[in-house]
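Since the structure comes first, as structure tokens, the remarks are kept for the end.
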Amino acid sequence: VQLQASGGGLVQAGGSLRLSCAASGRTFSSYGMGWFRQVPGKEREFVGGISWSGEFTYYADSVKGRFTISRDNAKNTVALQMNSLKPEDTAVYYCAATTNSNGSSLPRNYRDWGQGTLVTVSS
């Protein structure tokens with residue numbers, strides 16, 4: 001599946017952004033999806049994941065209660081709603097797809113990746 005992430009930008013601390021990931025391919029609904037982020041010099045970090053049906057979602061402790069993942073299988077999209085943003089949320093955000101239908105928190109389990117979208121949170 002091919003993925004295209006969008007929605008990044010510059011926002012003040014405490015603000016919100018909504019990232020979107022558009023997927024191509026008729027089998028999108030069978031994939032678990034995840035969002036990751038990365039800053040220069042650091043490893044890619046898990047943000048959150050969602051199962052194929054959207055029934056199960058799970059998050060990194062650092063974003064729990066602030067970020068929400070959702071998906072629309074009819075539109076082949078997955079979204080990441082980010083609220084109460086902090087400067088430490090600044091990173092390039094990636095969406096990814098895995099054949100594990102419940103998703104995974106491990107980058108190595110994801111086969112397909114979007115190109116990334118930059119989120120910058122100013123203090």
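When the stretch 1-16 is filtered for residues that are over 12 Å from the mean Cα position of the chain (by Cα) and among the hydrophobic types (A, V, I, L, M, F, W, C), the ones remaining, listed by number, are Val1, Leu10, Val11, Ala13.
Restricting to the stretch 37-49, give me the number of residues that are exposed (fewer than 12 other Cβ atoms within 10 Å of the Cβ) and charged (D, E, K, R). Residues that pass the stated criteria total 2. Taking the conditions exactly as written (touching a residue at least 12 places away in the same chain (Cβ under 8 Å) and open to solvent by less than 40 Å² (accessible area, probe 1.4 Å)), does Gly14 satisfy them or not? No; evaluated as a whole, the condition is false for this residue.
The values are calculated or read from the model by the stated rules, or taken from the named source; none is laboratory data. Model, not experiment: these values are computed from the prediction. As a convention, Cβ positions derive from the backbone with ideal geometry for all residues, glycine included, and neighbour counts pool all protein chains shown. These accessible areas exclude ligands, DNA and RNA; they are computed on the full protein's heavy atoms, side chains included. Shrake-Rupley method; radii C 1.70, N 1.55, O 1.52, S 1.80 Å.
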